[in-house]
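Novice: Here it is, the structure in full.
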Amino acid sequence: MPSSDLPDYLDCFQRSPAAQAILDRDGVVIEINEQACRLLGMGRDALVGRRVAELIFEEDRPALNAAIQDSARHRHTVEVDCRMPASGSVGRWFSVQFQPGFQGDRAQTWYVVFADITERKRHDAWLTQRNALLTALSNNLPGVIYVFRPGPDKGGRLEFVSEGARDLFGCSPEEALASPWAMYNRVVPEDLNQFFQQRDLAVESSGRLHSEFRVRNSQGEMRWCSADSVAGIDPDGLEVRCGYISDITEHKLYQEAMVAAETAERASRAKSEFLSRMSHELRTPLNAVIGFAQLLRIDTQPRLSEGQIRKVELIERSGAHLLAVISDVLDLSRIEAGDMPISLEPVHVDTVVLDVLAMVAESAQAARVQLAPPQFELASSVMADRVRLRQILVNLVSNAVKYNRPEGMVRVRAWQSGDRIAIEVSDTGLGLTEEQQQHLFEPFNRLGADQKGIDGTGIGLVIVKRLVDLMGGQLLVRSVPLVGTSFTVELPASDEDLQSDHGPLLDLPEPSSAATVLYVEDNEVNVVLVRQIMALRPSWHLLVAKSGAEALDMVRQHRPDLLLLDMHLGDMTGFELVDQLDADPATRGIPKVALSADAMPDRVHAARERGFAAYITKPLNVAKLLQCLEEQLSKR
């Protein structure tokens, strides 16, 4: 080939798109091309004659010198990453390759090619940081991160498993990578079959997987797990699934607890509705029996004979006994079901005791038992449910009368001891033996009293003790055979200095003037009974509505002075009727008294909250009904 056809190698060197330089054996630049000058941001004159080490960051020089020495010793090309100044920046990363040129055994020249790898270094740093983060997550997350690749066999292949597999499945990541069955074998067999079906469907549709299954871990504990995964594509275009397995045992237990709580709540509501309905259905016929018996006893036109009066009194007493049995059984059922509402408030001890003595006075007189004046020794107010405290004391005082001897005595005494108020009810009856006291609070155990012809259910004291416990108190018993028995109720004292908000039951108002009363009741027998009772007050005008709709019309037409409402009407409840009346300004504000066979305490509380002035339960007491109506009408 003619020499003119030989390429101009120097021109090729200068025009090369790669940055190149030639160094002497001491590392001094003897030639450098245009691309190298551009990358370094310096002219050729500034670079030629300078040692290349002067262009490299000082902390990178040891690695560069070691690489050059290794290249000279082994006569091969070396590559070093280092930082050098560059145009417009403090420094950039370069990949530098050194190829030695030898004369004899000694390198005389170095041929250098370098490239700017700053962006690659940044990307590598980002990948390193990302990998460190992922490694930290996989090592510290409580669950298992995994990458799964479907295969020809059912198990497939796991390509990544985090450290969480040790705690959750009792196997190392290496064991799971070697065979996914190291994890599968920990899953309950029937759950594993379901998991495979769900996973295969998700793989076929490239959709999301969610599966829940039980796992027996290395400690032998049964745990609930949840596996979630999504489809992805690897660099070769093949499908892989990235997923996470978490321990959801606590979540499952919470769900089960919520279901159990909802079931218990539904059962409680159903039981409350049943008790409410039973209360209504049992008390409604008793209302007619006891009510008409009372009317017959007090009616003087025509006057009954002595024999007839005794028969009427027997009917009344039998009805009252049956009512007590019904009330006690319903109360005990509610207490045992945990459905007895207790509303603690400061209550005057003296007021409640006087009320109780007034209520029991007639039965004490009939039994020829004397009620001693109550004694109050620094006893002011107590934290209790007013209605339930009265129920407790009525039961204790009634028992003290019932199980006393003729001409016996019943004493009620109250005193304060520290932060407690004690109310003692004592009698002079036959007393109880030690053996009887051990069975005193057993339901339906009357301790032989039924053989003596004394009426009772055997659950009154059981209810008393349960109610005292519910109010945070204590019931104490002391008894000496043939001397008498005392029951002491201890309850927390109230710090509040209260003014009495109601008087004893003995304080009856004077009969009121003319008034219109609307009675809403769908039971004809109850209507007849109330008509007979209202006839005892000729100045009162009684209107009757037999449905909620009829009551709405009559209230708008007549605007009565008082509403007497049954709570279970044919077309709506008493509460629904009141809501409609209160929603209309023209019918709002009429005093309301409930007269219902539904004696459940929660209904009574609900009625108070709805603005009812009073709640009278059936079977009604004629005198108490008249007293209540007198009190409400006197407030006009």
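Novice: If you find the alpha carbon centre of the stretch 361-386 and of the stretch 576-598, how far apart are they in angstrom?
Specialist: Between the Cα centre of the stretch 361-386 and that of the stretch 576-598, the gap is 36 Å.
Novice: What does the accessible area of S305 come to, in Å² to the nearest 10, when a probe of 1.4 Å is used?
Specialist: So the heavy atoms of S305 present about 60 Å² to solvent.
Novice: For the stretch 155-244, evaluate the Debye formula with one uniform point scatterer on each Cα (no solvent term) and list log10 I(q)/I(0) at q = 0.17, 0.22 Å⁻¹, rounded to two decimals.
Specialist: -0.73, -1.20
Novice: Kindly list the residues of the stretch 577-598 that lie in the label zone of V525, defined by a backbone N under 12 Å from the point 7 Å along the Cα-to-C-beta vector.
Specialist: Within reach of a label on V525: no residues.
Novice: Going 7 Å from the Cα of T77 in the Cα-to-Cβ direction, what parts of the stretch 93-123 have a backbone nitrogen less than 13 Å from that spot?
Specialist: 96-101, 111-115
Novice: To the nearest 20 Debye, how big is the dipole of the stretch 173-317 about its Cα centre, given +1 on the beta carbon of each Lys and Arg and -1 on that of each Asp and Glu? Let's see the in-between values first.
Specialist: Numbers: 18 positive and 23 negative charges, 312 e Å.
Magnitude of the dipole: close to 1500 debye.
Novice: Given points 7 Å out from each Cα along the Cα-Cβ axis, report the Q365 to Q108 separation in nanometres with one decimal.
Specialist: 14.5 nm
Novice: May I have the pair-distance distribution P(r) for the stretch 193-243, computed from all Cα-Cα distances with 5 Å bins from 0 and rounded to whole percent?
Specialist: The percentages, shortest bin first, are 5, 19, 24, 19, 14, 10, 7, 3, 1.
Novice: Could you compute how much accessible surface L39 exposes when probed at 1.4 Å, giving the result in Å² to the nearest 10?
Specialist: Around 40 Å² of this residue is reachable by solvent.
Novice: Assuming R0 = 45 Å, what is the FRET efficiency of C242 and D579, from their Cβ-Cβ distance, to the nearest 0.05?
Specialist: Working: r = 57 Å, r/R0 = 1.27.
After rounding to 0.05, the efficiency reads 0.20.
Novice: Ranked highest first by the average count of other Cβ atoms within 10 Å around their residues, in what order do 565-574, 363-372 fall?
Specialist: Numbers: 565-574: 20.2, 363-372: 15.5.
The most tightly packed comes first, giving 565-574, 363-372.
Novice: Which of the peptides 382-393, 611-622 is most tightly packed, and how do the rest follow, judged by the mean count of other Cβ atoms within 10 Å per residue? Before the final figure, lay out the partial values.
Specialist: Working: 382-393: 22.6, 611-622: 20.1.
So the order, starting with the most tightly packed, is 382-393, 611-622.
Novice: Take the chain, mark every one of the GluC sites (Glu not before Pro) that falls in a DSSP loop and has at most 12 other Cβ within 10 Å, then report the longest stretch left between them, sites excluded. Could the numbers behind the result be given before it?
Specialist: Working: sites that count: E221, E407, E496.
Of all site-free stretches, the longest is 1-220.
Novice: Once fully extended, how much extra length lies between A136 and F376, figured as 0.36 nm per residue of separation less the alpha-carbon to alpha-carbon distance? Write down the numbers at each step before the final one.
Specialist: On the way: separation 240, 0.36 × 240 = 86.40 nm, distance 7.39 nm.
Net length gain for the segment: 79.0 nm.
Novice: Further question on the same structure: What's the extension gain from L536 to E550 if we count 0.36 nm per residue and subtract their Cα-Cα distance?
Specialist: Details: separation 14, 0.36 × 14 = 5.04 nm, distance 2.57 nm.
Contour length minus the Cα-Cα distance gives 2.5 nm.
Novice: When the helix-only estimate is applied to the chain (DSSP H runs of n ≥ 4, each -39,500 (n - 2.57), divided by the residue count), what is the mean residue ellipticity at 222 nm, nearest 500 deg cm²/dmol? Don't skip to the answer; put the middle values down first.
Specialist: Values: 20 runs with 272 residues, N = 636.
Calculated at 222 nm, the ellipticity per residue is -13500 deg cm²/dmol.
Novice: Ok, one more. List, largest first, the extents of the alpha carbons of the stretch 44-87 along their principal axes, each in whole Å.
Specialist: Rounded to whole Å, the extents work out to 33, 21, 13 Å.
Novice: For the ranges 586-594, 408-416, what's the packing order if you count other beta-carbon atoms within 10 Å of each residue, average per peptide, and put the highest first? Before the final figure, lay out each step's value.
Specialist: Working: 586-594: 16.8, 408-416: 19.6.
Going by the mean number of other Cβ atoms within 10 Å, highest first, we get 408-416, 586-594.
Novice: Okay, moving on. Can you give the angle from 0 to 90° between the axis of helix 574-583 and the longest principal axis of the chain, with both taken from C-alpha atoms, to the nearest 10?
Specialist: The angle comes out at about 70 degrees.
Novice: Along its principal axes, what span do the Cα atoms of the stretch 361-424 show, with the longest given first and each in whole Å?
Specialist: Here the Cα extents, ordered largest to smallest, are 37, 23, 15 Å.
Novice: Restricting to Cα pairs below 8 Å that are 6+ residues apart, what does the relative contact order work out to for the stretch 386-426? Please round to a whole percent. Can you show the working numbers first?
Specialist: Working: 27 pairs, mean separation 13.2, N = 41.
After rounding, I find 32 percent.
Novice: What accessible area, in Å² to the nearest ten, does a 1.4 Å probe give for Y254?
Specialist: Y254 exposes around 140 Å² with every protein chain in place.
Novice: Let me ask something else about it. What Kirkwood hydrodynamic radius do you get for the chain when you take the inverse of the mean 1/r over all pairs of distinct Cα atoms, in Å?
Specialist: On the way: mean 1/r = 0.0287 Å⁻¹.
34.8 Å is the Kirkwood radius here.
Novice: How much length would be gained if the chain were fully extended between V477 and A125, taking 0.36 nm per residue of separation minus their Cα-Cα distance, in nm to one decimal?
Specialist: Values: separation 352, 0.36 × 352 = 126.72 nm, distance 8.29 nm.
Extra length available between V477 and A125 comes to 118.4 nm.
Novice: Return the sequence-ordered ³J(HN,Hα) values of the stretch 134-143 in whole Hz as given by the Karplus equation 6.51 cos²θ - 1.76 cosθ + 1.60 applied to θ = phi - 60°, using x for Gly and Pro.
Specialist: 5, 5, 5, 5, 5, 7, 10, 5, x, x
Novice: On a 0 to 90 degree scale, rounded to 10, what angle separates helix 61-74 from the longest Cα axis of the chain?
Specialist: 50 degrees
Novice: Between beta-carbons, use under 11 Å as the cut-off and find the net charge around Q474, counting Lys and Arg +1, Asp and Glu -1. Intermediate values should be presented prior to the final figure.
Specialist: Numbers: positive: R420, K465; negative: D469, E490.
Combined, the nearby Lys, Arg, Asp and Glu give 0.
Novice: Here's something else I'd like to know. Rg and Dmax of the stretch 5-60, using alpha carbons, in Å: what are they?
Specialist: Computed over the Cα atoms of the stretch 5-60, radius of gyration and Dmax are 12.3, 47 Å.
Novice: Can you work out the accessible area per residue across the stretch 356-428, with the rest of the protein chains kept in place, probe 1.4 Å, in square angstrom?
Specialist: Values: 3370 Å² over 73 residues.
Averaged over the residues of the stretch 356-428, the accessible area is 46 Å².
The values are calculated or read from the model by the stated rules, or taken from the named source; none is laboratory data. Quantities reported herein were computed from a predicted structural model and do not represent experimental measurements. Cβ atoms come from the backbone with ideal geometry, glycine included; neighbour counts cover every protein chain shown. Protein only, heavy atoms only, side chains kept; ligands, DNA and RNA dropped before computing areas. Shrake-Rupley method; radii C 1.70, N 1.55, O 1.52, S 1.80 Å.
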